[in-house]
Amino acid sequence: MKVNVSDEDITIYLNRYYTKQTDFLDLNALEEYMNDLFFNLKNSYNLKISGYYNIDAYIDNNYGVIITMRHEDIEYYDYLIDQIDTQVTIHNNANFLYKIADFFGAKNYLNNINYSLYKYNNELYIKLNDQIDNINFGNLLEYCKEICYDIEGIMKKNNLLFYNK
């Protein structure tokens, strides 16, 4: 688990080993998982989480889940110290793009993999078109600078460099 905190936003990267036992589409399982996650963020990362949060969970078959939490100030309701209220949106079957620092180094591990390569703002991004094995995925992550879940602008037709089958 990797956690990035900026201002009122928290981004949590959970690889598929952390989430393979959880069905994010089952509301009871999701609520239990989120409660455990909040407890872990409070105790292990010393984050103070209270109030109202908009939560987006992006689920990708290769990587796992990226959870974004945006704190919203709601003036008409005072929350107790540890009280949390959420609005959760699940983005099932999301596609992640992997921003690559060294494409030619990563290319050695992509020979038998179905992927697309995109260029956006002088950066290269790989989109996996099929699920890959753990070894190749680990090698890909070694060359990855960032995992992108908000991919609309990057995946425009004119940004596609090539499609490898």
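The values are calculated or read from the model by the stated rules, or taken from the named source; none is laboratory data. Not measured: the values here are computed from a predicted model. Quick reminder, even Gly has a Cβ in these numbers, built from the backbone with ideal geometry, and neighbours come from all protein chains shown. Ligands, DNA and RNA are stripped out before the accessible areas are found, and what is left, the full protein with its side chains, is counted by its heavy atoms. Shrake-Rupley method; radii C 1.70, N 1.55, O 1.52, S 1.80 Å.
Among residues of region 114-141 being charged (D, E, K, R) and either touching a Ser or Thr at 6+ places or on another chain (Cβ under 8 Å) or closer than 14 Å to Y63 by Cβ (or both), the one that is least open to solvent (accessible area, probe 1.4 Å) is K127.
Per the listing I55, I113, the residue uniquely closer than 23 Å to K20 by Cα and in contact with a helix residue (DSSP H, G or I) (Cβ under 7 Å, 6 or more places away or on another chain) is I113.
What strands (runs of 3 or more DSSP E), lying completely within region 1-69, carry at least 1 residues that are at pLDDT below 90, out of contact with any strand residue (DSSP E or B) (no Cβ under 9 Å at 6 or more places or on another chain) and not hydrophobic (A, V, I, L, M, F, W, C)? Steps first, please.
Working: elements: 2-6, 9-15, 51-60.
Passing ranges, in order: 2-6.
When region 22-50 is filtered for residues that are open to solvent by 100 Å² or more (accessible area, probe 1.4 Å) and in contact with a helix residue (DSSP H, G or I) (Cβ under 9 Å, 6 or more places away or on another chain), only K48 remains. Just one of the numbered conditions (1) surrounded by 12 or more Cβ atoms within 10 Å (Cβ to Cβ); (2) within 23 Å of L141 (Cβ to Cβ); (3) in contact (Cβ under 8 Å) with a residue 24 or more places away in the chain is not true of Y17; which one? Answer for Y17: the failing condition is (1).
Has region 99-113 got any residue that is under 20 Å from D56 (Cβ atoms) and open to solvent by less than 50 Å² (accessible area, probe 1.4 Å)? So far as region 99-113 goes, yes, one or more of its residues are under 20 Å from D56 (Cβ atoms) and open to solvent by less than 50 Å² (accessible area, probe 1.4 Å).
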